[in-house]
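Down below is the structure, laid out as structure tokens.
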Amino acid sequence: MQRALIVIDVQNEYVDGKLPIGYPSLHVSIPNIMMAMDAATDAGVPIVVVQHVAPESSPIFAKGSQGGALHESIAGHPRALLVEKTEDSALDGTELAAWLASNNIDTLTLTGYMTQNCVEATARDATQRGLTAEVLSDATGTLDVSNTAGALSARALHESVLVVLQSGFAAVATTEAWLDAVRATAALPTSDIFASTEPARHLTAREKLERFGAAAREKGEEAESSVEATEIEAAGPGETLGTRLGF
């Protein structure tokens, strides 16, 4: 296993610009990013700094703007490579994939912003390319999001994306756990979709019925089925909750 630390979009836009990170606090994520960079340097793990660049007319990350500049906390730190990107994934349309291959690197440790956007996109892209992705939960972050589909707090968004990534796209860990793994030259624990969905396979018939009812109520619909949970629990061979409820 050969790691590289990928520092994604730690730019002023996310600190005092138009996309202020809300969770985890910048007082948490930035020191952890700096600590990871220092540890990587000490351990001989190459560091790649990624910088998002948008056209000069863009309201965020405009080329040459203060918001688009690297934050001072990481700008002067020694690095092996600086990558400018225009897409979400740091591997999309950049020299990063070729650089990783030429240096025999198969594991990407991702830090930076935003959790659900460039960090997640890079993790998923890396997995599709046969690479291993690691995401540091307290060295990444996001902000509140609201649109016509609904609203999510920064914390809810951050935590839900990390749970999804751990279900098969990346190994998610704290910075401290990653530092221990680097010292031991060990891999971080991973999971998969089957293991991650185990709790859902152990719901009782009553719990399943309650969930169907709750979903119906959230949509403002009446639960049309009069099937009692006790009847479902006593269903005969070949009968399922779905067939009893008419699905």
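The values are calculated or read from the model by the stated rules, or taken from the named source; none is laboratory data. Just so you know, these numbers come straight off a predicted model, no measurement behind them. Glycine gets a Cβ as well: all are built from the backbone with ideal geometry, and neighbour counts include every protein chain shown. Heads up: the accessible areas ignore ligands, DNA and RNA and are worked out on the full protein's heavy atoms, side chains in. Shrake-Rupley method; radii C 1.70, N 1.55, O 1.52, S 1.80 Å.
Worth a mention:
- Selection of first residues in region 116-134 that are free of Cβ contacts under 8 Å to residues at least 12 places away in the same chain and open to solvent by 10 Å² or more (accessible area, probe 1.4 Å) and of second residues that are assigned to a helix (DSSP H, G or I) and polar (S, T, N, Q), restricted to Cβ pairs under 7 Å at least 6 apart or on distinct chains, gives an empty result.
- For D192, the conditions (1) modelled with pLDDT of 95 or more; (2) open to solvent by 70 Å² or more (accessible area, probe 1.4 Å) are fulfilled apart from (1).
- Among the candidates L143, L188, residue that is touching a strand residue (DSSP E or B) at 6+ places or on another chain (Cβ under 8 Å), closer than 23 Å to H52 by Cα and hydrophobic (A, V, I, L, M, F, W, C): L143
- Close pairs (8 angstrom Cβ cut-off, 6 or more residues apart or separate chains): within 11 Å of I60 (Cα to Cα) in region 1-24, open to solvent by 40 Å² or more (accessible area, probe 1.4 Å) and of a type outside the set (D, E) anywhere: N12/Q66; E13/I60; Y14/P20; G17/I60; G17/Q66; K18/P59; K18/I60; L19/I60
- Selection within region 75-98 - polar (S, T, N, Q) and either open to solvent by 80 Å² or more (accessible area, probe 1.4 Å) or over 17 Å from V119 (Cβ atoms) (or both): T86
- Restricting attention to region 174-193 and to residues that are in contact (Cβ under 8 Å) with a residue 12 or more places away in the chain and within 20 Å of P24 (Cβ to Cβ), the residue that is farthest from the chain's Cα centre (by Cα) turns out to be L179.
- Selection count where residues are part of a strand (DSSP E or B) and not small (G, A, S), scope region 130-150: 9
- Selection from region 157-194 of residues that are closer than 17 Å to V7 by Cα, aliphatic (A, V, I, L, M) and in contact with a helix residue (DSSP H, G or I) (Cβ under 6 Å, 6 or more places away or on another chain): A170, V172, L179, V182
- Hits in region 140-159 (condition: open to solvent by 80 Å² or more (accessible area, probe 1.4 Å) and either touching a residue at least 12 places away in the same chain (Cβ under 8 Å) or β-branched (V, I, T) (or both)): D144, T148, R155
- Whether a residue is closer than 28 Å to S153 by Cα, open to solvent by less than 20 Å² (accessible area, probe 1.4 Å) and within 21 Å of the chain's Cα centre (by Cα) was assessed, and A36 passes this test.
- Entry remark, region 105-128: residues being more than 24 Å from G44 (Cα to Cα) and either part of a loop (DSSP other than H, G, I, E, B) or basic (K, R) (or both) number 2 in total.
- Screening region 51-74 for residues that are free of Cβ contacts under 8 Å to residues at least 12 places away in the same chain and either outside any loop (DSSP other than H, G, I, E, B) or β-branched (V, I, T) (or both) and picking the one that is surrounded by the fewest Cβ atoms within 10 Å (Cβ to Cβ) gives E72.
- Count of residues meeting criterion [open to solvent by 20 Å² or more (accessible area, probe 1.4 Å), of a type outside the set (K, R) and farther than 20 Å from A133 by Cα] in region 1-29: 11
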